[in-house]
Structure formats: C-alpha cells, structure tokens
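We did not get these values from a lab; they are worked out from the coordinates using the rules stated. Remember, it's a predicted structure, so these values are computed and weren't measured experimentally. Cβ atoms come from the backbone with ideal geometry, glycine included; neighbour counts cover every protein chain shown.
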Amino acid sequence: MNHETRKNASYRQSKFKNILFQLKSPFLFRNSVYCLEERRKNIQVYKFGLSDTEPGLPVSLEKVRDTILTRGDFKAVCVFRGEVFVFFDNDAGNHTYEICYKKTADPDTEKWHPEGDANGFKTGLKADYVTWGLKGAVHSLRVIEFNSKIYLFYSKNNNVHWATFDGTDWKEIGAIGPAGKPSEHKYIPIFNVTSVLHKGKQVICFAGFFQNSERDHMRISFINAEDTIEHDVAKVKLGHDQRDDDQFALAYGSRTTGPQTSVLQIFVNGRGKNLYRTHYDIDNKVFGNWTDHKIESSRKGGISDPPLNFCDTLSVSQANADNKGLRTNIVVISNGVQNISGGFYNYPIITSFPSDRLELDHEHSINMATQPYDHEVGTWTLIGVVEGVPPYSRNGHPEPERTSKVEYGQSSSIQHLFSQTVDSSVSVFAGGAIKDVVSVTGEMRTSFAVTGELSRTFSSKFAKDLTNGLENPDGTKGMAIFSIPTIRNRNYLRKPATGDNVIGTFALTQVTEVDIQDRFYDLEKPIEGMLARPKSDQLLDWGENSVRNYPDIPSVKSNSIQANAGGAPRSVALNETIKKSQKTTGVVGISFKASATILELFKIGGSTGVSIATTNSITSTFTRSITAKLELPIPNPAGEDQGLDRINVVAHWYLPPEDIELELPKKPHWIPNQYFNRHFAPWCLTWQVLYPASSPETDDRIEFADYYE
C-alpha cells in the first residue's frame, strides 16, 4: 500500500494518504500490530507490516478478515488472557447504552464470539451517551489490561466510572473524581489511560479534564493494584492550538531527547493540524514543554474546526542484533485531513519514536522434574489419576503373576493426547527480595513478545502401563500423571533511550519444555486430600458409594471386563460411551516456594515463595485411550473355602465437560489438596466390581480395591 515517509534523528513517520478513513485502537497480538476501522455497526480489522530498517515503523497495511458484526458503534479494544476483546455500545434508551463485547483467540483466522450475534456478550454495565460542545455525541470509553484483569473506564452520571473483569465477573468500582469534592470537579468525557512504573510498581495512569474554570489543564491520577486512587498527581496546561475536546494519547517510556528517567509521554492531535507532544517526568514530578510534529493537513476552503481528531499509541519492541536486548518504540496513530475534489477525508498517520531499552542481565533454566527441584510441586500440573489396576483376586495363589493390567498409548489407535498452552509471566522487581517481585500486564508485558512467543503450546502422547506384577504385587499403587515444565527466567534491566541508569528490573519467566511423567502413590495412604482405597478380603465390607456423584464432572461408564476362573485372560479397550473425543480444558497456575530455586531463577533472595502469573490452558483428548486386561486363576485348593468363580469389572471415567467454564463447589475425591483449582479438574479412571460369583454364592458388590482370598 502506497505511503509517504519522513524521518529525523528523533522520530519516523508514515502517511497512508490513499486510505480514506481513520484507524483506531492499535493493539499488539502475538508480536503483530493490528488496528481497527470504525464503521456503522461493524468493525474492520487491519494488520500492519513493520519496517525491517526503521524500528517500529509500519510500512504496509492489509485487511485480515471480514467485518465484526456489532449492534452498536465501536468503543475500545484490549488483549486479555490470550484473546482479543472488542467493546461496543448497545443503545439502552434514555441517552444510555449497554457496554457489550465480542472476542476471538486469533483475529487472523478465528471467528468472533458469540458468532453471528450482533449483541455480543453483556458486561452488565451501562454508560451515558454524552454531547460535548459542538462535537456531537461522544462515545468515551477506555480499556486496559492491568493486575491480571480488564479495567474498563466509561462516562456515567456526568463523571468517569470504572469497573473490572477477572475473567468471570464484572465488578463496578465507582467514580474516578475525588470523593467529597464539589460537582465542578467532575471529569469531562474525554480521557485516556495507560500503565507506568511508579515507586517501583506498575500502576494505571489516568488523565482527563475537570469541568471547571481550569478545564484547559490535563490532570493525572494513579490507580494501584489495590484499586485505590492517588488523585491529581500532576496537571499540565494545554498549549496553543490544543483544546480539552481534542483526542489525546498516553505512552510510557523516554525518548532520545528529554529526561532519561521514568517518563510519561502525552500526545495531542491538535485540531488535526499538528501532533503535539509533552512529557511528564514521573520520578521528579516535572512537565516538559509542548513540541509539535507537523501533520500537514490541507484545509483550503474547508472546515476550520474539525470534530474530535483521533490519536492513540502503542509500544512495539524489536530485538537487538545479538538477541540479548530489546528496544521499545512508541508508535502513535493519528489522522490528517485532506481535500479531494472539494471533499474532506481523514487518512492515517503513523509516527514512531525510539524509546526505552531492555538489556539482558541474567538467564537460568531449571527442569522441575530433576532433583532437587522435584519437590517444587507448585510448578507441576496434575492432568490425570488412575486409581490402580482393575480389581482382581488371586484366588489363594501366592505367586505375583500379572493377572491385572491397564495400559496407555501402546498403539496409535489407543492413545492419550495432551496439549498444554502456557502464557509467559513478566514481573517487575519493586525491591530487593522475592516478595517485591510484582507481576505486570498490558504493554509492559507485550514488550517482550519479540523474545519468543509469550504463549506457547506443547503437545505430546503419553504411554504407560501398570500391572499387579513384581513391581506392584499387592496392587496397592495408583498412578498420578503430571505435566512437569522446564522453566527459564531472564532478568532484563529497563534503561532509558540514551541513558545508562536503571528504571526497573523485569523478569521474563517462560516454560520452554513440558514433560509428561507418572508418579505412583499408595492407594491406602494416598497424597493428602485424596480418598483412601484400602484392600480387603471381606466381600461384605464393600460399600455402595465408591462411584461418587459430582454435578459438574459426570462419570462416564465404559466397557466392562468379565473374567472367569481358569479362563483365558480377558482384554478390552475402554471406549467412552460418547461418540466424540472428550476434552477437558482449564486454567491453573505455577508457583515456587524454595529459596534456592528462587535464587537460581531470579538472582534474588527470599524464602516466602512466589506465585508466577503464568496461565496454563490444559486440554486432554481421549480417543480409545486405555486398554485393560484381567485374568482370574482357578481357586487354590489349599486356600480358604471362599473363592471367586467370576468377576465383572466396570471402568468409570470422571471426565470434566468440555466448552464450559468450571466453577467447582467442592474438591473431587481424587484431587490432592495442593492441586485443587476450582476452574480445572484432572480426569480420573476408577473401577467398580459388579456381582461376583463366588463359593459360597453371594450377590454383594466389590468396588474399587483388590479382593484377596
């Protein structure tokens, strides 16, 4: 696509004059830059191609998919937990609208959900349509990912309100304006948000204008992870050709000129003529002077007071040639206006400013399956449990022959497929101990996308068998199946564009490999929190509640195995009674507790442990997953009077349902306490014995443990 470029020592700029519309809300997804074109009740997604020689400068633009159908007009966009959320309005009457959204896991290829529904998902939040000055209706809404949540800011009751979304519920927090202040200290409906480093921690920076005599002063407030506000941290007076109803944008990072500290950059698209910029030195609480970068819009014979000129920013990183560091670039999307045959048309202008550097300071990897790290069970993910081999009886024979067996993945048609998607964690060191390592989200996290995928998927097949042979003569072993990661941490020093002082230390924690391993456990004395399965030689001891009922996790009965005394070994594939492959997907976390592990990974002291904001999405697929084998010997004449002539064992799968968000009210019996997560449940294979025929004859059931003469 044709474009004009200009550059100097401090910035680069591209103009796409043949694109006769505005582009809004740039966002970074999987290291690609996207933006949106607002249309009437639909949204078009575009993707930028970045220059190989000019860091952070888009040089091409392509449409990536069909429009997003919406009931109302576009408002804002953000990336949250590996998905893109697009927010829009849905008219609710009385000059108000419902805030709705659609989402996708990949804007290039995936559908936007809810598919075919223009109403989208409802947040339950309502905002006001606002008319400001002569500019017409203002749809003022801003959104940002922060503190592992979505933070949504919107106009309501002549003020700016905010709400949060934790992935499950929306929660309205309240108004931004200072509590107890008179009505003249309410905000006008043009505002913006970003995140910055303040006192060593990531906070939300909110900027807006009060409706009072100082409405030409932009006011800045900070919101921390505890959702408390530090009001009016600073204020700056607008310069010439700037108005309080001009769109403005915020970006965090220094430039090659100006203070080399923790800096907030402020951009204002002044009446569509010039892109103005100033900075706020967060450390020293000082504003800079307003400068401008010409947009060169044409206005001959046209409008002198254009409506709400758009302006927005994005931070884009590029790796250094040695791959040991990064350079961040502040990319500003604004619009110019050009006169074509007497008509006035917007066109996008992209300006890129080199900004902070991230220098690699420390790197270390640990395989969490190896000693002495194998006690770091907080890094392991439990994906399945087998409550022993199929129940059996040796009928008085002492020899530990293999008469019962269960096997996994021993052929291509009998397999357990496992997929795990892991999000990387980015943290900032707010102090000198591990307790001061605080997770960061949003653009501070996506700055590291160029170091490799911030989200990686690992797939594997698992093959294992368990018998009642020499290694397990009493059949008392169960099997827990784990996903065990290799974890790599890199510490980066964030430094300003040209200075050598350290603004902050960031930790990039990634899973680089995943290994599927089994661990045996004692059925009679299992891991704390699991239900004990004692063995017995008394048929009448077996109760009726071994297959327990969990409303959220159905028990699927598979094929049964009937073994007759002295008959040939019986083998059967335990196919699910459902026709399709079963999947279970959920989210779990990763945490460390040992000071030695923490010191090696992070090069920082501490003994209190740390939870890394790393998200795992687990998918287990079962397709003819398991084969079981059972043999019943002829009763030993030297044994007791009672022996089994026939035994019928039924396999039961506990398979969490697919395509729903789990919210378990209680812990299932097969999950140890340390691995319980309400939003994820590993599968479980267990057994039930039905109506054994014995001497003397009995109708009692044997359930879940090994029967012995």
### Message
Can you tell me the length gained on complete extension of the stretch THR228 to ASN284, counting 0.36 nm per residue apart and subtracting the Cα distance?
### Response
18.0 nm
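Figure the gain on full extension for LYS199 and SER460 (residue separation times 0.36 nm, minus the Cα-Cα span) and round it to one decimal in nm. Write out the running numbers ahead of the final one.
Details: separation 261, 0.36 × 261 = 93.96 nm, distance 4.37 nm.
Extra length from LYS199 to SER460 when fully extended: 89.6 nm.
Count charges around VAL385 for me, please; just the other residues with Cβ under 15 Å from its Cβ, Lys/Arg as +1, Asp/Glu as -1.
Details: positive: LYS464, LYS477, ARG519, ARG533, ARG548, LYS667; negative: GLU387, ASP518, ASP522, GLU528.
That works out to +2.
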### Task
Under 13 Å from the Cβ of HIS362, count the other residues' Cβ atoms, weight Lys and Arg +1, Asp and Glu -1, and hand me the total.
0
### Query
By per-residue mean of other Cβ atoms within 10 Å, what is the highest-first order of 76-89, 220-233?
76-89, 220-233
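Pulled fully out, how much extra length does the chain show between HIS679 and LYS603, if you take 0.36 nm times their separation in residues and subtract their Cα-Cα distance?
Details: separation 76, 0.36 × 76 = 27.36 nm, distance 3.23 nm.
That pair, HIS679 and LYS603, stretches by 24.1 nm at full extension.
Taking R0 as 45 Å, what FRET efficiency do you get between SER341 and LEU69 from their Cβ-Cβ distance, rounded to the nearest 0.05?
On the way: r = 32 Å, r/R0 = 0.72.
So the FRET efficiency works out to roughly 0.90.
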### Distance between modelled label sites at ALA596 and ALA118, nm, 7 Å Cα→Cβ extension
6.4
#### Entry: Label-zone membership for the range 73-90, site THR168, 7 angstrom Cα→C-beta point, backbone N under 18 Å
81
### Summary
Taking a crude spin-label model, label points 7 Å out from Cα along the C-beta direction, the ASN158 to ASP91 distance in nm is 2.5
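Just to confirm a number: summing +1 for Lys and Arg and -1 for Asp and Glu over residues other than LYS477 whose beta-carbon lies under 9 angstrom from that of LYS477, what do you get? Walk me through the numbers on the way to the answer.
On the way: positive: none; negative: GLU471, ASP474, ASP522.
So the environment of LYS477 carries a net charge of -3.
Please work out the FRET efficiency for the pair ASN636 and LEU470, using the Cβ-Cβ distance as r and a Förster radius of 22 Å; give the result to the nearest 0.05.
Values: r = 19 Å, r/R0 = 0.88.
Using R0 = 22 Å, I get an efficiency of 0.70.
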